[in-house]
Amino acid sequence: VDEAGNRRYLAYETIREHAELELDRSGHRQEVEARYERWFITAGEVWAREAWRTGDTAVIEREYQEIFAVLERAKHRPPSSESSAIAAQALLVLAPVLSTRGPFEAFSIWLSELMTGAHGAILEREHPLLLGRLIEATASASPWLPGAFLQADLRKALAAAEQAKDFDLASRVQ
């Protein structure tokens, strides 16, 4: 039982291995993983909003490994609109913890990986608001970077926020 009174069970490795084998045999692995990702992204976005509002990151910390698994799976799939968006959303769910407790260097690296290369190009083209939110996270997680270094990225985030009419994000990156 965790601090909130929720029952939490840890599976033995052999049971987990058996379940993965059966999932592979069933042919439903992709469908189950997609539902798993959608659930953690949807719930995680609520948790992240609450964590930013109150400073309470307990739920994200408790579910950290699950959300991190979503991030890792999405980052290691071939870059696509879906995998880039899922990776960005998962990292943004983890941002309230990573930006305040770390690991700071890993957070900066993960942000950089998603904003550059194939993922960055896809996000800029197909999910500019997600890219804007990642840029905002970079700026808040990297207060030691000189303003000029982030200025172009912040302009890009502002343009994405204004295009999506996300005035809350626009006010934060100005």
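The values are calculated or read from the model by the stated rules, or taken from the named source; none is laboratory data. Keep in mind that this is a model prediction, so the values were computed, not measured. Here the Cβ is made from the backbone with ideal geometry for all residues, glycine too, and neighbour counts use every protein chain on show. Just the protein is used for accessible areas: all its heavy atoms, side chains included, with ligands, DNA and RNA removed. Shrake-Rupley method; radii C 1.70, N 1.55, O 1.52, S 1.80 Å.
A single member of SER99, SER142, SER112 is at pLDDT 70 or above and over 22 Å from VAL46 (Cα atoms), and it is SER112.
Kindly check whether there is at least one residue in segment 82-92 that is surrounded by fewer than 16 Cβ atoms within 10 Å (Cβ to Cβ) and modelled with pLDDT under 90. No, segment 82-92 contains no residue that is surrounded by fewer than 16 Cβ atoms within 10 Å (Cβ to Cβ) and modelled with pLDDT under 90.
Here ARG53 clears all of (1) at pLDDT 85 or above; (2) farther than 19 Å from SER99 by Cβ; (3) not small (Gly, Ala, Ser) except the condition numbered (2). Within segment 48-63, the set of residues being of a type outside the set (Val, Ile, Thr), within 21 Å of GLU136 (Cα to Cα) and open to solvent by less than 70 Å² (accessible area, probe 1.4 Å) comprises ALA48, ALA51, GLY55. For segment 94-131, the set of residues classified as under 25 Å from ASP56 (Cβ atoms), in a helix (DSSP H, G or I) and among the small types (Gly, Ala, Ser) consists of ALA95, SER99, ALA106, SER108, listed by residue number.
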